[in-house]
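Some notes on the structure that comes next.
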Amino acid sequence: MRTATNAGLFERARQIFPGGVNSPVRAFGAVGGTPRFVVRGEGAYLWDVEGARLLDYIASWGAVILGHGAPPVVEAVQQAVGQGAAAGVPSPAELDLAGLIQAALPSVERLRFVSSGTEAVMSAIRVARAATGRPAIVKFAGCYHGHADPLLARSGSGVATLGLPDSAGVPAEATRHTLVAPYNDAEAVADLFRTAGDHIAAVVVEPVAANMGVVLPQPDFLPALRELTWRYGAVLIFDEVITGFRVAWGGAQRRYGITPDLTCLGKVIGGGLPVGAYGGRRDLMEQVAPLGPVYQAGTLAGHPVVMAAGAAVLRRLADPGVYDVLEARASRLAAGLRRALDGRASVAQAGAMLTVFFRPAPPLDDAQARQCDTRAYAAFFHAMLARGILLPPSQFEAWFLTLAHADEEVAATVAAAEETA
Ligand code: PLP
């Protein structure tokens, strides 16, 4: 019998999936080498087909926060599956998870479950456009909101500008109403409102950016977005698909004390299963069908297995002190990495996520993030992988901690980073 290897499976996968993967970053394109094919996860660790144990900082791209195979989640899923878990009709499980979300996020007066973060943001924008009767949206360079056409826009030349399609297959018309500003640049957004305020339906933002690596909002940034959207009658959408239950119980809106009109969620609220949700002000959400004229639907939305997994996670996260533990460990890891990589890299951290940037100081926007030494990151990535530590295979992604990343894992990570110096 042939033993499976990572290289062998990747070769086979390349004959089946574009690039051998079902989501591009998994292919290791930015760092080179062969992706690991994982067969098992437990706590902070994954095991690949060759039997190698990997300390995992990908954590399903932030979706897993209790650790892999957390017993309460496994039990909840098994029970839901055992009950025959019918999707497509209402079930009480939807109310359980929604109740937990609303307890953490009082701004979410009404919500709707969908099956991915992409759908959540796409739908929130549709609601904002319907409610305001305006076409344009403002997004920020370096923020990712899923792969819906209008959001696959990059900035053209100039400070704040009309978005250009960022992917083949997206017609220029699809991003015609997407305005792109630099992250952390409230003045650029003010300019956009001064010139096009009557057309802007919404500002959509990752309140802590995590898709150019972790980029923290500067103190004036989110308050300015809140003030401008109020002043011009536009909708403020926080895309908390990553930050939702990761940077605090109650997400970035709780951490920074800014209340958006609509919030998009995903990842953690599904306990590692496919999920998304959008919600917020009641008057806005009442635009959604069947109550209002905004059409949005989903065959498997609110799936009882997903709802049960998500509720099991949020119940654990509601325990007092959980976020203090996550924050303390992530801060300790960040401090250790700063020491270990002194002079080579800088670290940005918020709650249970961080990024090591191969540049002297953490970036404030996409342009600064792009100045990172991506070759140095790739070398660091492989040096850590050789020591059994799996980092995100790109400079421009966040590292995610779980509750299972205890002091021992933090210490082992810092020690490995020291060895790479
Ligand atoms: N919004 C943010 C901030 C994300 O990070 C992502 C995915 O990483 C999405 C939206 C899209 O979510 P999904 O991949 O579930 O469609």
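The values are calculated or read from the model by the stated rules, or taken from the named source; none is laboratory data. Note that this is a predicted model, so its numbers are computed, not measured. No Cβ is skipped: glycine too gets one built from the backbone with ideal geometry, and neighbour counts run over all protein chains shown. Ligands, DNA and RNA are stripped out before the accessible areas are found, and what is left, the full protein with its side chains, is counted by its heavy atoms. Shrake-Rupley method; radii C 1.70, N 1.55, O 1.52, S 1.80 Å.
Given contacts defined as C-alpha pairs under 8 Å and at least six residues apart, what's the relative contact order of the stretch 157-305, whole-number percent?
Relative contact order, the stretch 157-305: 14 percent.
Only Cα pairs within less than 10 Å get springs; with that Gaussian network setup on the chain, which residue of SER23, SER115, SER107 has the largest fluctuation?
It is SER23.
Please report, in cubic angstrom per residue, the volume enclosed by the convex hull of the alpha-carbon atoms of the chain. Mind dumping the intermediate values first?
Working: hull volume 60.6 nm³, N = 421.
Cα-based convex hull of the chain, divided per residue, equals 144 Å³.
I need the phi-derived Karplus couplings for the stretch 51-58: 6.51 cos²θ - 1.76 cosθ + 1.60, θ = phi - 60°, integer Hz, Gly and Pro marked x.
Karplus values, whole Hz, x for Gly and Pro: x, 6, 8, 10, 6, 9, 10, 8.
Can you report the principal axis dimensions of the stretch 99-258 using only the alpha carbons, biggest first, rounded to whole angstrom?
The principal-axis extents, from largest down, are 41, 33, 33 Å.
Would you work out what percent of the accessible area of the stretch 341-420, with all protein chains in place, is carbon or sulfur (probe 1.4 Å)?
Numbers: 1390 of 2820 Å².
C and S atoms contribute 49 percent here.
Using only alpha carbon pairs under 8 Å that are at least six residues apart, calculate the relative contact order of the stretch 81-178 and give it in whole percent. Numbers along the way, then the final one.
Working: 81 pairs, mean separation 17.6, N = 98.
Computed value for the stretch 81-178: 18 percent relative contact order.
Tell me the accessible surface of HIS303 in square angstrom (1.4 angstrom probe, heavy atoms of protein chains only), to the nearest ten.
Counting only protein heavy atoms, the figure is 40 Å².
Rounded if a/c is under 1.5, else prolate if a/b beats b/c, else oblate: with a ≥ b ≥ c from the C-alpha gyration tensor eigenvalues square-rooted, which is the stretch 186-274? Mind showing how you got there, number by number?
On the way: a/c = 2.18, a/b = 1.85, b/c = 1.18.
Verdict is prolate for the stretch 186-274.
Using only DSSP helix segments of four residues or longer, with each worth -39500 (n - 2.57), what per-residue ellipticity at 222 nm results for the chain after dividing by its residue count and rounding to 500?
-10500 deg cm²/dmol
Could you please report the charge total around PRO274, scoring K, R as +1 and D, E as -1 over all other residues with beta-carbon less than 11 angstrom from its beta-carbon? Mind dumping the intermediate values first?
On the way: positive: LYS267; negative: GLU119.
Residues near PRO274 contribute 0 overall.
Could you check how many percent of all C-alpha pairs in the stretch 13-63 are farther apart than 16 Å?
Details: 591 of 1275 pairs.
That tail contains 46 percent of the Cα-Cα pairs.
Just to be sure I understand: with springs between alpha-carbon atoms less than 10 Å apart, which residue in PRO293, PRO150, PRO182 has the highest mean-square fluctuation in the Gaussian network model of the chain?
Comparing PRO293, PRO150, PRO182 in the GNM, the peak value goes to PRO293.
Mind putting together the pair-distance distribution for the stretch 1-128? All Cα pairs, 10 Å bins, whole percent per bin, short to long.
Spelled out bin by bin, the stretch 1-128 gives 9, 26, 32, 24, 8, 0 percent.
I need to check one value: relative contact order of the chain, counting alpha carbon pairs closer than 8 Å and at least 6 residues apart, in percent.
Numbers: 873 pairs, mean separation 93.3, N = 421.
Relative contact order, the chain: 22 percent.
Would you mind finding the longest exposed-site-free stretch of the chain, with exposed GluC sites (Glu not before Pro) meaning DSSP loop and at most 16 other Cβ atoms within 10 Å?
On the way: sites that count: GLU50, GLU109, GLU286.
Answer from the scan: 110-285.
I'd like the Karplus ³J(HN,Hα) series for the stretch 348-363: coefficients 6.51, -1.76, 1.60, θ = phi - 60°, whole numbers in Hz, and an x wherever there's a Gly or Pro.
Values per residue, Gly and Pro as x: 10, 9, 8, x, 8, 8, 7, 9, 8, 9, 7, 7, x, 9, x, x Hz.
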